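A single structure is presented below for examination.
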Amino acid sequence: MHVDDFLRMFTYDHWANLECLAAMRTSGPVPADTVGRMAHILSAQKLWLERILKRPQSMPVWPAATIEDCTALADEISAAWANYLHGLQISSLAGKVEYRNSKGDPWSSRVEDILTHVLFHSAYHRGQIALQMRASALEPAYTDFIHAVRQGFVK
């Protein structure tokens, strides 16, 4: 993939996260673990960017948060990813990032693989959020990629 492709995918990801948060906000009370899962999505996105930038982890992987906290973090981390991606050279996608996982084990991953992981990880957990909301008789967000494109949310 090219850097522009990742910019487009991260634009979609941010839109989908905000759609999930909007659905939670308008649904009335949602299970705490549903909001917690969204907080995890955003915290993990922040953690991976911190790893790439060789910064210390600034928040837990499973933080306690409100819908409002998540909305603010979604905007913050989306802007941070966009800033990072706008400055990224295509040759940097193959670069390696050395880091320790949450268990403390040392790893090395390509930037491109980390970016792909962040996007898939978010989609996976948004699917879980949709299932949790349906199980609670709530209407989840419609976050299909093609819907975002058709509606002009993603160019």
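Values quoted throughout were computed directly from the atomic coordinates according to the rules given, and no laboratory measurement underlies them. Predicted model only: the values in this text are computed from it and were never measured. Don't worry about glycine lacking a Cβ; one is built from the backbone with ideal geometry, like all the others, and counts go over all protein chains shown.
Over the range 37-107, what relative contact order in percent results from Cα pairs under 8 Å that are six or more residues apart?
On the way: 42 pairs, mean separation 22.1, N = 71.
Reported as a whole number, the value is 31 percent.
At 0.36 nm per residue, and after removing the present C-alpha to C-alpha distance, how many nm does the segment from LEU131 to VAL97 gain when stretched out fully? Spell out each step's value before the answer.
Numbers: separation 34, 0.36 × 34 = 12.24 nm, distance 3.37 nm.
Between LEU131 and VAL97, full extension yields an extra 8.9 nm.
Cross-link candidates for LYS54: which aspartates and glutamates have Cα within less than 19 Å, leaving aside residues fewer than 8 places away along the same chain?
Within reach: GLU76, GLU98, ASP105, GLU112, ASP113.
A further question follows. Dipole magnitude of the range 14-155 about its Cα centre, charges +1 at Lys/Arg Cβ and -1 at Asp/Glu Cβ only, in debye to the nearest 20?
280
Counting alpha carbon pairs within less than 8 Å and at least 6 residues apart, what relative contact order, in whole percent, applies to the chain?
Details: 161 pairs, mean separation 55.7, N = 155.
Taking the mean separation of contacting Cα pairs over the length of the chain, I get 36 percent.
7 Å from Cα along Cα→Cβ at both THR66 and ALA32: what's the point-to-point distance in nm?
1.5
Enter the Cα centre distance for the pair the range 20-99 and the range 109-155, rounded to the nearest angstrom.
A separation of 13 Å, based on Cα centres.
Can you compute the modelled spin-label distance between ALA22 and ALA82, with each label point 7 Å from Cα toward Cβ, in nm?
1.6
Mind checking the angle between helix 111-135 and the chain's longest principal axis? C-alpha axes, 0 to 90 degrees, to the nearest 10.
The angle comes out near 10 degrees.
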